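The values are calculated or read from the model by the stated rules, or taken from the named source; none is laboratory data. On a predicted model such as this, the values are computed, not experimentally measured, just so you know. Using ideal geometry, Cβ is built from the backbone for each residue, glycine included, and neighbour counts are taken over all protein chains shown.
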Ligand code: SF4
């Protein structure tokens, strides 16, 4: 039993756990009061702050004591309401990453390994004897190369070796998945949210997108769903697989983007190493290799799990480039 999680100061660090929801329910406060009453102005401010920090990708630990713990705790469901009310996919991803990284920092600071073990159980993951069930390993490993590749890890009886550092990283992904779970907002709550001034959030969101509009001759809205998905992963600061980066780089280059612009677009990825990225981009675009690579076909994209939510137009094509060309031509013809 995590007796610590009866302590609201501790609980405020992990507000996505069911214990936090139960704690809030015991306090008997409703969504309406939280979104409207002056007594919850500070909690709303904390929730607002969480969103701005998510967009700016600045995860941080809050100072939490007896006086602030309840407001910090309910700032989490408030921020989730803001995110799902705004309904922007980029924001949803950034928010989930923010909460996951924030909890990761707190977990890293936990002195007791027993707490981390119990916490893992609360997240449905058994971390014991520096091992983790391979099903969870596969589900939550941040990528499948280097130290995370299953063939580079010891596997015994369906359990994969995972030291505390690895276990925390897996937990971070599990938290991200939990925070990403959708919520339904009823009409009444929607009206209350509509009365709040969220303009700063909208303005920050649009600032983060400006780089998409800057590249002349490139039409991001006409990108196929798979490439839009890779962009949103990059913008949300998620790791994109090696094959994903290859496909994206080759696609951008094929539609006329230069190496320097591609590097700027790839810049936000967390494992970005400028030297390595430059080498890869210049190789794919033919600057150093003399061979310009084409993006993979739809079949290959599917094999690598990179085909994402194909739409009606996808049924008529076999290559992501054809999708873009058809879309561009259609738009061009409509404008004539
Ligand atoms: S069908 Fe092709 S173009 Fe459409 S999302 Fe899948 S890979 Fe991309």
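Miscellaneous remarks
- Residue 190 satisfies every condition listed in (1) at pLDDT 80 or above; (2) under 16 Å from the mean Cα position of the chain (by Cα) except (2).
- Of the helices (runs of 4 or more DSSP H) lying entirely inside the stretch 1-91, those containing at least 1 residues that are under 27 Å from residue 204 (Cβ atoms) and at pLDDT 90 or above are 18-26, 31-36, 41-55, 69-86.
- Condition met for residue 83 (crowded, with 21+ Cβ neighbours inside 10 Å and either in the same structural domain as residue 45 (by TED's automatic domain parsing) or in contact (Cβ under 8 Å) with a residue 40 or more places away in the chain (or both)): yes
- Residue 101 vs. criteria part of a helix (DSSP H, G or I) and within 18 Å of residue 199 (Cα to Cα): no
- Which listed residue, of 125, 132, 170, is assigned to a strand (DSSP E or B), in contact with a strand residue (DSSP E or B) (Cβ under 7 Å, 6 or more places away or on another chain) and at pLDDT 90 or above: 132
- Of all residues in the stretch 287-305, those satisfying the criterion of being surrounded by 13 or more Cβ atoms within 10 Å (Cβ to Cβ) and either within 16 Å of the ligand (Cβ to nearest atom) or free of Cβ contacts under 8 Å to residues at least 12 places away in the same chain (or both) are 288, 294, 295, 296, 297, 298, 300, 301, 302, 304.
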